[in-house]
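A short write-up of the structure that comes next.
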Amino acid sequence: MSREGLARQWQWVCLAVSFLTRLPVPIPGEVNAQALGRCHRWFSLVGASIGLGLALVYWGLEQVLPFSIAVFMTLLLSLWLTGALHEDGLADCMDGLGGGRTVAQRLAIMKDSRVGSYGVLALIASLIGRWLLLSALAQQEAGLVMMALVTAHALSRGLAAFMMGVLPYLRCDADSKVHALTGHHRASDFAWLAGIAALVAVLSAGAASGSVLLLVTALSGWLLYRWLKHQLGGVTGDTLGAVQQITEMFLYLVLVMMHA
């Protein structure tokens with residue numbers, strides 16, 4: 001790959017980091033529509049990096065704190081690191097799908113900045129669910145929590161990015177952050193997403209467990225695809241946040257079942 005090509009890929013990585021986290025990452029070069037539309041190819045890699053950072057923090061906390069508190073502190077850090085981006089999407093998505101009867105009503109409710117009862121319950125279930133599942137893994141071995149964080153964060157964000165290409169995006173608002181990411185999709189971008197996700201899963205969890213987690217991610221994607229297609233006919237930024245959160249919890253649940 002030429003120096004120009006490497007510089008372009010690095011710009012896309014930085015864009016992916018700036019979108020998925022609140023880290024002040026400088027974006028090199030001029031950002032155009034193509035860069036915004038293709039940076040999602042690195043979402044699996046950025047997700048793995050987020051998971052690795054959280055795993056290292058958990059390992060440090062677990063040395064001086066009870067494992068349940070270490071897990072709780074790690075989850076709080078994840079909220080800060082990502083700006084609760086996916087949690088916000090989950091809450092808005094559940095409010096819209098739970099409170100609206102038509103597609104137009106559901107989309108209108110999702111756009112409302114207020115959080116309703118469905119959203120609050122979804123957030124409670126997500127946070128408590130992840131805390132309980134990771135704590136269950138921590139009872140077995142600290143390394144399981146670290147592996148779960150790396151793998152689940154990579155696979156769930158990769159799946160959310162994949163959804164942007166297989167379902168139409170329903171909002172064309174000028175202020176929509178996700179809308180800029182939905183153009184210029186190519187087969188090579190999806191290949192990078194899937195390839196990095198598979199590599200992370202195998203390296204982190206091993207060939208057998210990694211393969212199971214990849215199959216679970218594919219199953220989660222298929223179920224969520226059918227659900228969102230039936231409920232909305234497409235995706236929004238909020239539904240992509242829900243995809244990430246639901247898949248992350250699904251992966252933790254499967255890992256608990258595998259290591260019970």
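Coordinate-derived values only; no laboratory data. The structure presented is a predicted model; accordingly, all values stated were derived computationally and were not measured. Note that we place each Cβ from the backbone using ideal geometry, even for glycine, and neighbour counts take in every protein chain shown.
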- Query: So for the pair Gln140, Val103, with labels modelled 7 Å out along Cα→Cβ, what separation do we get in nm?
  - Reply: 4.2
- Item | Per DSSP, loop trypsin sites (Lys or Arg not before Pro) in the stretch 1-90 with at most 13 further Cβ within 10 Å | Arg22
- Reduced to Cα centres, the span from the stretch 40-84 to the stretch 142-174 in Å works out to 16
- Separation between the Trp227 and Met258 pseudo-spin-labels, each 7 Å from Cα along Cα→Cβ, expressed in nm? 2.1
- Message: Just to be sure I understand the model, the point goes 7 Å from the Cα along the line to the Cβ. What's the resulting Ser188 to Val120 distance in nm?
- Response: 5.0
- Let me know the shape class of the stretch 27-172, please: from the alpha-carbon gyration tensor, a ≥ b ≥ c as square roots of the eigenvalues, rounded when a/c is under 1.5, otherwise prolate if a/b is greater than b/c, or oblate. oblate
- When N is the residue count of the stretch 17-92, what does its C-alpha Rg come to as a fraction of 2.2 N^0.38 Å? 1.32
- Query: So what is the 222 nm mean residue ellipticity for the chain from helices alone, if each DSSP H run of at least 4 adds -39500 (n - 2.57) and you divide by all residues, rounding to the nearest 500 deg cm²/dmol?
  - Reply: -26000 deg cm²/dmol
- Cα-based equivalent ellipsoid, the stretch 43-259: semi-axes from gyration tensor eigenvalues, Å: 28, 20, 15
